[in-house]
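**Student:** Mind having a look at this structure? Questions to follow.
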Amino acid sequence: MAQFTKHILFTDSDGRARWRSETIELDQGKPESRLSALMTSGGYQLRESPVGFRSQFHCTGAPQWVFILSGEMAIGLQDGSFRHFKAGEHFYSADVLPDGETFDASLHGHCSKQVGDASLVTLFVRD
């Protein structure tokens, strides 16, 4: 059976952002064009980030898919690691602030930055 890998940025039980992967079954459609089940969405936004863009640490406001349309994006975690995503790649951002917590930039969330000599264009699709 065909599958799609969903890379997920999430908030772990200790409040820190981490990565995990899940698979989505492509069990619908036809053999020559496999589809997943239809998923709902709450709207989308496009963003252009110029060369040199870098965010501060933050949590995702609401879970959303992030698709890199052009350029390259790096997502940094509190442990100093970065994961890179190029045009055509994606991840699911769900590292929301835990209920009852006050945001602490030394503990919570992730940062993002544009990489390379081309601006970064992203598509955000809300759940």
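**Student:** Any residue at all in the stretch 52-62 that is farther than 22 Å from GLY15 by Cα and either touching a Gly at 6+ places or on another chain (Cβ under 7 Å) or in a loop (DSSP other than H, G, I, E, B) (or both)?
**Tutor:** yes
**Student:** Considering only the stretch 69-127, give the strands (runs of 3 or more DSSP E) lying wholly within it that have at least 1 residues that are free of Cβ contacts under 8 Å to residues at least 24 places away in the same chain.
**Tutor:** Details: elements: 72-76, 82-86, 90-94, 111-115, 120-126.
Output list reads 82-86.
**Student:** Please work out which residue is nearest to PHE85 (Cα to Cα), limiting yourself to the stretch 1-30 and to residues that are part of a loop (DSSP other than H, G, I, E, B) and either in contact with a Cys (Cβ under 9 Å, 6 or more places away or on another chain) or not acidic (Asp, Glu) (or both).
**Tutor:** Filtering the stretch 1-30 for residues part of a loop (DSSP other than H, G, I, E, B) gives 1-2, 12-16, 26-27.
After this cut, where a residue has to be either in contact with a Cys (Cβ under 9 Å, 6 or more places away or on another chain) or not acidic (Asp, Glu) (or both) as well, the list is 1-2, 13, 15-16, 26.
Values: MET1: 26, ALA2: 23, SER13: 25, GLY15: 24, ARG16: 20, LEU26: 23 Å.
Among those that are part of a loop (DSSP other than H, G, I, E, B) and either in contact with a Cys (Cβ under 9 Å, 6 or more places away or on another chain) or not acidic (Asp, Glu) (or both), it is ARG16.
**Student:** Moving on to the next point. Mind checking whether some residue in the stretch 18-28 is loosely packed, with under 14 Cβ neighbours inside 10 Å, of a type in the set (D, E, K, R) and either within 21 Å of CYS111 (Cβ to Cβ) or in contact (Cβ under 8 Å) with a residue 60 or more places away in the chain (or both)?
**Tutor:** Within the stretch 18-28, one or more residues are loosely packed, with under 14 Cβ neighbours inside 10 Å, of a type in the set (D, E, K, R) and either within 21 Å of CYS111 (Cβ to Cβ) or in contact (Cβ under 8 Å) with a residue 60 or more places away in the chain (or both).
**Student:** Of all residues being free of Cβ contacts under 8 Å to residues at least 24 places away in the same chain and within 28 Å of CYS59 (Cα to Cα) in the stretch 1-17, which is surrounded by the most Cβ atoms within 10 Å (Cβ to Cβ)? Just the residue, please. Steps first, answer last, please.
**Tutor:** First pass over the stretch 1-17, keeping only residues free of Cβ contacts under 8 Å to residues at least 24 places away in the same chain: 3, 5, 12-14.
Now restrict to residues that are within 28 Å of CYS59 (Cα to Cα): 5, 12-14.
On the way: THR5: 10, ASP12: 12, SER13: 7, ASP14: 8.
Ranking the qualifying residues of the stretch 1-17, first place goes to ASP12.
**Student:** A further question on this structure: Looking only at the stretch 29-56, which residues are among the basic types (Lys, Arg) and in contact (Cβ under 8 Å) with a residue 24 or more places away in the chain? Spell out the reasoning first.
**Tutor:** Keep residues of the stretch 29-56 that are among the basic types (Lys, Arg), which gives 30, 34, 47, 54.
Once the filter is applied, which keeps residues that are among the basic types (Lys, Arg) and in contact (Cβ under 8 Å) with a residue 24 or more places away in the chain, the stretch 29-56 yields ARG34, ARG47, ARG54.
Rundown of residues vs (1) surrounded by fewer than 16 Cβ atoms within 10 Å (Cβ to Cβ); (2) charged (D, E, K, R); (3) closer than 18 Å to VAL121 by Cα, yes/no style:
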residue: LEU35; (1), (2), (3): yes, no, no
residue: SER41; (1), (2), (3): yes, no, no
residue: GLY52; (1), (2), (3): yes, no, yes
residue: ALA74; (1), (2), (3): no, no, yes
residue: PHE85; (1), (2), (3): no, no, yes
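Bear in mind these aren't lab numbers, they're just calculated from the coordinates by the rules spelled out. The structure presented is a predicted model; accordingly, all values stated were derived computationally and were not measured. A quick note on method: Cβ atoms are made from the backbone with ideal geometry, for glycine too, and the neighbour counts reach across all protein chains shown.
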